[in-house]
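Each remark here refers to the structure printed beneath this line.
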Amino acid sequence: MPGSTKWTAINKQELIIEVWEALDCESVGCSELEKIQEALHQRFGPGGQESPAAIARVVADEGAVLRHPEVLECDSKWRLKYLQAQAFERELDFSDFNKAVASFSILHSTQSGDGRLRGVVINARQHQVLISRSKIVTVADRERAKEIANWLLVWLQSPQLFPDWLDLRLRSEQFMRKFPDEK
């Protein structure tokens, strides 16, 4: 339902209410909160993220009856996932080639199909793309960021094949010529 509707709300609170009204439910529990979260993410991207408890407060203020045990359980699970993703993201560092290789090793040792991992990698890639386009960093830093952004893209496209691809890339004549100081 949230994925198939064109929402008109211009901010998160309005969208929460609009989706809740479209769900046409008297009480709100975990499934409804997750649908609202999905709509927030689709509309506003990662910046649209809201906890189930925050969403529940908004709809309760509008008159929704909350299924409190479900809301609490949903919020607890979400917070645990969210904190784990933040901790995982802090472990990864794509600021140079050696750190990036070590981070890809960590990624490979975890579940590559996990949606949270994809989100972390997408964010890391966006950061590297910004650096690669920045006029305030050195040309060498821009080139390194562009290369690492490409690695992240390849990982997103094929995480299972990535370790072999990276090994070949690091040994390629093109890479060695472009980055002669790297091992």
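None of the figures in this text is laboratory data; all of them are computed from the coordinates on show. Note that the coordinates shown come from a computational prediction; the quantities given were computed from them, not determined experimentally. Note that each Cβ is placed from the backbone with ideal geometry, even for glycine, and that neighbours are counted across all protein chains shown.
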Once normalised by the length of the chain, the mean sequence separation of its alpha carbon contacts under 8 Å that are 6 or more apart gives a contact order in percent of 14 percent
The computed P(r) of segment 92-178 puts the percent of Cα pairs beyond 19 Å at 35 percent
Lone Cys, the chain, Cβ cut-off 4.7 Å -> CYS25
Residue by residue through segment 66-83, the couplings from Karplus 6.51 cos²θ - 1.76 cosθ + 1.60 with θ = phi - 60°, in Hz, x for Gly and Pro, are 8, 8, 3, x, 5, 4, 5, 5, 4, 5, 4, 5, 4, 4, 4, 4, 5, 5
Connecting every pair of Cα atoms under 10 Å apart in the chain and solving the GNM, the largest mean-square fluctuation among ARG125, ARG67, ARG142 falls on ARG67
Read-out Cα Rg over 2.2 N^0.38 Å, candidates (1) 0.93; (2) 1.03; (3) 1.31; calculated match is (3)
Burial-style ranking of 132-138, 163-169, 37-43, average other-beta-carbon count within 10 Å with highest first, yields 37-43, 163-169, 132-138
Normalised Cα Rg of segment 23-93, dividing by 2.2 N^0.38 Å with N its residue count, works out at 1.20
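Evaluate E = 1/(1 + (r/R0)^6) for ARG177 and LEU156, where r is the Cβ-Cβ distance and R0 equals 22 Å; express this FRET efficiency to the nearest 0.05.
Once the sixth-power term is evaluated, E becomes 0.25.
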Which residues qualify? For GLU182, with a placed amide H closer than 5 Å and at least 5 residues away or on another chain, they are none
Magnitude of the Cβ-charge dipole (Lys and Arg +1, Asp and Glu -1) of segment 92-178 about the Cα centre, nearest 20 debye, reported as 320 debye
Sorted by chain and number, the residues with a modelled amide H under 5 Å from that of LEU66, at a separation of 5 or more or across chains, are VAL28
